[in-house]
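Readers should treat all values here as calculations from the given coordinates under stated rules, not as data from a laboratory. Note that the coordinates shown come from a computational prediction; the quantities given were computed from them, not determined experimentally. Glycine gets a Cβ as well: all are built from the backbone with ideal geometry, and neighbour counts include every protein chain shown.
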Amino acid sequence: MAFDLQEQEQIDSMKAFWQQWGKLIGGAVLAVSLGYLGYKAYGMYQHQQAEKAAVAYEAVDDAVAAKDLAKLKAAALRLQGEYAGTLYASRSALVLAKAAFDKNDLALAFSQLQWAAQNGKDEALQAIARLRLASLQLQQKQYDAAVSELSQPHPAAFDAAYLELKGDVFTAKGDAAGARDAYKAALAKLVEESPIRELVRMKLDALGG
């Protein structure tokens, strides 16, 4: 088929373009394709891990029902070892920490709360772990450690709870000024109808604030 001069120029231009950029474009398309396939494969892997973790978590529920701390510890540690990237692992740490605390095994409770705070894949679960860890540190008179834990980043929804507990730590530490500031900041975060608001106000009034 014969082409006129303009068509031939367009064809020559396209040939020159592909000769210069064809390999680069082809490589970019391949990279994007491989990246997409890798993303899909990772998503499938995560889904499979979550399904396996859900099955493994049944052992946690069974141990809680049986009030068997040893079995609960074994089930939770398995989740944390094999399925650390799932929410079930974080939940198991919080459950084991509560059971350990009830049995007065504070070392185990500490370690599980620390694991959840550092390795949890959900911000809310991490925030709860830090809050409980700080509360335990307060009971053990580890005031500086508790303040440090409560100063870590957390979702805004936990601001009031963190500030109230920080006020409790400062009160126990004998830092009335710090406690007043924390309680006032907590009140500022609480809505008027919050059931916690009156308790925080009482704590503040007890300090003469």
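Quick check for me: using +1 on Lys/Arg Cβ and -1 on Asp/Glu Cβ, what's the dipole size of the range 111-160 about its Cα centre, in debye to the nearest 20?
Its charge dipole is roughly 160 debye.
At a 10 Å Cβ-Cβ cut-off, how would you order Ser90, Ser151, Ser135, fewest neighbours first?
The fewest-first ordering by Cβ neighbours comes to Ser151, Ser135, Ser90.
Among the listed pairs Lys103/Lys166; Lys121/Lys166; Lys98/Lys184; Lys141/Lys184; Lys141/Lys166; Lys52/Lys103, which have their C-alpha atoms separated by more than 19 angstrom in this model?
Beyond 19 Å: Lys103/Lys166; Lys121/Lys166; Lys98/Lys184; Lys141/Lys184; Lys52/Lys103.
What GluC sites (Glu not before Pro) in the range 138-209 are in a loop by DSSP, with at most 16 other Cβ atoms within 10 Å of the Cβ?
Here the GluC sites (Glu not before Pro) that fit, given the DSSP loop and packing criteria, are Glu192, Glu193.
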